[in-house]
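The values are calculated or read from the model by the stated rules, or taken from the named source; none is laboratory data. Quick caveat, the model's predicted, so the values are computed rather than measured. Neighbour counts run over all protein chains shown; Cβ positions are idealised from the backbone, glycine included.
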Amino acid sequence: MTEPWSELAIVPNSPGRAWAAEKLFRFAVRDLAVTVELGAERLGRGGPVLRIDRPRAFFHRLGADAKIGFGESYMAGDWSAPEPADALLPFAERLANLVPKPLQSLRRFVDAAKPGSERNTVEGARQNIHRHYDLSNELFAEFLDETMTYSSALFEPGSDDLSAAQRNKIDAILDLTGVREGTRLLEIGTGWGELALRAAKRGAHVTSLTISAEQQTLARKRVAEAGMQDRVEVLLRDYREATGSYDAVVSVEMIEAVGEEYWPAYFAALDRLLAPGGRAGVQAITMPHDRMVATRKSYTWMHKYIFPGGHLMSVRAFEDAVRGYTSLRVDERRGFGQHYARTLRQWRQRFLAAWPRITDLGFDQTFRRMWEFYLAYCEAGFRAGYLDVYQFGLSKR
């Protein structure tokens, strides 16, 4: 299958759409704390610099599809910034109001529809996950820390140690679910195995589920190297296919890949698999509820290039789903979004520093700019508070 970034091209559209896109862009940035360099012009109120290096191509892409074209323009080199996350921050802080409210009602006429091929059926979810998580274990190893953990870290005050912060996050959710000696633990979403290993070191018996063949391979290798085969089983299995009864269920930043259509199935699985008196811990990236509702049908750059089939919940949507689809109750929730901003900044710095080795793996400059934009865009979202991340503690009556 051809990767989407390998066929980056300007989608033909009318000059009128490019003209309208330029007018809207100028309107959007007029009072943002950013300096947009557009030829000899300087737009915005001043602040981090964003340079429009190829105006014609930039506005052409925005006119074709603003939700996708802005990121594609960075991938193509139409715009640049000395520090992309800083330049994106003012946009993230005003994301809900960048487009004038009268024009927001036209969203349904201009937003691209989500492709049916990216629905998270059992087979579709495997294909969606394959497109991101099976890129290369070696790629992820270049920018993740030694724990190979690809979710928000939780830093101790005064510390920037990413590995320690990742272990701290894992310990926090294991504590939240009461994992200890003899606990029967189900993990939905293995990653590369660090949580399963830390739970096993507490004396738990762990069944971990993934639908990424690459992740299963490396997680099993790490389990074997740690001598934990008798305590950890890593299965290539969808959460909807899981069986058994467990004292605790944990799922760290996997719910983002479920898709709104399958939220009932996901939460029903938590309920079905958790034994009476058991506890579940779910770590989830969240967004404001009104923005979740307004954008729930939108097809964005993030869907096209990074997380096909992905969908973020709001805190309200999460708690409504727990009430609506389970017999569980939410006992505890804690947010730490600014820790995710710090995590993403470290990932981006490590990714760029490792680029000479990453290119040897077969990835090109378009891929580099795509990932740089992805990590900077997400960092700006968390710094602005538009995005957050929570650990939810659930119990079964």
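Worth pointing out:
- For region 351-362, residues that are touching a residue at least 60 places away in the same chain (Cβ under 8 Å) and of a type in the set (Val, Ile, Thr) total 1.
- Exclusive hit being of a type outside the set (Ser, Thr, Tyr) and in contact (Cβ under 8 Å) with a residue 60 or more places away in the chain, set 292, 313, 287: 287
- Residues in region 267-303 that are in contact with a Lys or Arg (Cβ under 8 Å, 6 or more places away or on another chain), surrounded by 20 or more Cβ atoms within 10 Å (Cβ to Cβ) and more than 30 Å from residue 367 (Cβ to Cβ): 269, 274, 278, 279, 280.
- Index of the failed condition, residue 309 passing every other in (1) under 18 Å from the mean Cα position of the chain (by Cα); (2) of a type outside the set (A, V, I, L, M, F, W, C); (3) within 29 Å of residue 157 (Cα to Cα): (3)
- When the residues of region 221-245 are filtered to those that are part of a helix (DSSP H, G or I) and in contact (Cβ under 8 Å) with a residue 24 or more places away in the chain, the one that is surrounded by the fewest Cβ atoms within 10 Å (Cβ to Cβ) is 241.
Table: residues versus (1) touching a strand residue (DSSP E or B) at 6+ places or on another chain (Cβ under 6 Å); (2) more than 15 Å from residue 373 (Cβ to Cβ); (3) among the small types (Gly, Ala, Ser).
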residue: 41; (1), (2), (3): no, yes, no
residue: 50; (1), (2), (3): yes, no, no
residue: 64; (1), (2), (3): no, yes, yes
residue: 72; (1), (2), (3): no, no, no
residue: 84; (1), (2), (3): no, no, no
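- Residue ID - farthest from residue 74 (Cα to Cα), chosen from residues in region 294-323 that are in a helix (DSSP H, G or I) and at pLDDT below 95: 294
- Some residue of region 365-374 being outside the structural domain of residue 83 (by TED's automatic domain parsing), of a type outside the set (Asp, Glu) and under 27 Å from residue 266 (Cα atoms): yes
- Test set (1) free of Cβ contacts under 8 Å to residues at least 60 places away in the same chain; (2) part of a helix (DSSP H, G or I); (3) touching a Leu at 6+ places or on another chain (Cβ under 9 Å); (4) under 30 Å from residue 298 (Cβ atoms) - residue 209 fails condition number: (2)
- Checked against (1) under 17 Å from the mean Cα position of the chain (by Cα); (2) modelled with pLDDT of 95 or more, residue 353 meets all criteria but (1).
- Test result for residue 217, crowded, with 24+ Cβ neighbours inside 10 Å, more than 22 Å from residue 397 (Cα to Cα), among the hydroxyl-bearing types (Ser, Thr, Tyr) and modelled with pLDDT of 95 or more: no
- Evaluation of residue 365 against (1) surrounded by fewer than 18 Cβ atoms within 10 Å (Cβ to Cβ); (2) in contact (Cβ under 8 Å) with a residue 60 or more places away in the chain (one fails), failing number: (2)
- Residue that is surrounded by the fewest Cβ atoms within 10 Å (Cβ to Cβ), among those in region 324-362 that are assigned to a helix (DSSP H, G or I) and among the hydrophobic types (A, V, I, L, M, F, W, C): 353
- Among the residues of region 72-100, those identified as over 21 Å from residue 345 (Cβ atoms) and crowded, with 22+ Cβ neighbours inside 10 Å are 72, 73, 78.
- Test: residue in region 110-117 that is farther than 24 Å from residue 239 by Cα, at pLDDT below 95 and not in a loop (DSSP other than H, G, I, E, B): yes
- Residue in region 38-58 that is surrounded by fewer than 20 Cβ atoms within 10 Å (Cβ to Cβ), among the hydrophobic types (A, V, I, L, M, F, W, C) and assigned to a loop (DSSP other than H, G, I, E, B) present: yes
- If you go through region 170-196 and keep only what is among the basic types (Lys, Arg) and either outside the structural domain of residue 228 (by TED's automatic domain parsing) or in contact (Cβ under 8 Å) with a residue 40 or more places away in the chain (or both), you end up with just 184.
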